[in-house]
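Following: one structure in structure tokens, then a few remarks.
The values are calculated or read from the model by the stated rules, or taken from the named source; none is laboratory data. Quick caveat: nothing in here was measured; it's all calculated off a predicted structure. Every residue, glycine among them, receives a Cβ derived from its backbone with ideal geometry; neighbour counts consider all protein chains shown. What goes into the accessible areas is simple: the full protein's heavy atoms, side chains included, and nothing from ligands, DNA or RNA. Shrake-Rupley method; radii C 1.70, N 1.55, O 1.52, S 1.80 Å.
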Amino acid sequence: MAEVLSQMRGQIPGAVKFLFQPAEEGAPPGEEGGAGLMVKEGALENPRPLAILGLHVSPELQTGQLGYRAGPAQASSDVFHITVHGKMAHAASPHKGVDTILVAAECVTALQSIASRRLTRWSRWS
């Protein structure tokens, strides 16, 4: 997109800014990243954009296809921590304890089923 628009520079009135978001899916602990950092550092000033288009790849689209929609289109990510508490038991009597490995594995399976079984996804953008 940047290459095509830069080749059309003479046909486009005004300015076009190309912004490439650092650490868009989350900065390392203790660092900043993403759109918030870019705004904080003045990316939307001088000149101030009249419109912003965000681009992202999507495996649902075939090569050469372009999908679009108004408003948010991609998911964001969040971080959360789960602590599993168990109860130790002797290997000869595992039924007297709570196996944290098994509980943690069940948590992973349950969380994955949210994305794979319960969220509606569009099959094709329009």
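The table below lists the values:
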item	result
Residue list for segment 36-48, filter: under 25 Å from Y68 (Cβ atoms) and open to solvent by less than 50 Å² (accessible area, probe 1.4 Å)	M38, A43, L44
Condition met for H90 (in a loop (DSSP other than H, G, I, E, B) and either open to solvent by 100 Å² or more (accessible area, probe 1.4 Å) or not charged (D, E, K, R) (or both))	yes
Residue match in segment 48-66 (condition: of a type in the set (K, R), part of a loop (DSSP other than H, G, I, E, B) and out of contact with any strand residue (DSSP E or B) (no Cβ under 9 Å at 6 or more places or on another chain))	yes
Near pairs, Cβ below 7 angstrom, 6+ apart or cross-chain, from segment 1-18 (part of a helix (DSSP H, G or I)) to any residue that is open to solvent by 80 Å² or more (accessible area, probe 1.4 Å) and aromatic (F, W, Y)	A2/F18
Residue check, T83 more than 30 Å from A15 (Cα to Cα), in a loop (DSSP other than H, G, I, E, B) and without any contact (Cβ under 8 Å) to a residue 24 or more places away in the chain	yes
Cross-chain or 6+ apart pairs with Cβ under 8 Å, segment 97-119 first and touching a residue at least 24 places away in the same chain (Cβ under 8 Å) and in a helix (DSSP H, G or I), then among the β-branched types (V, I, T) and surrounded by 12 or more Cβ atoms within 10 Å (Cβ to Cβ)	C107/V84
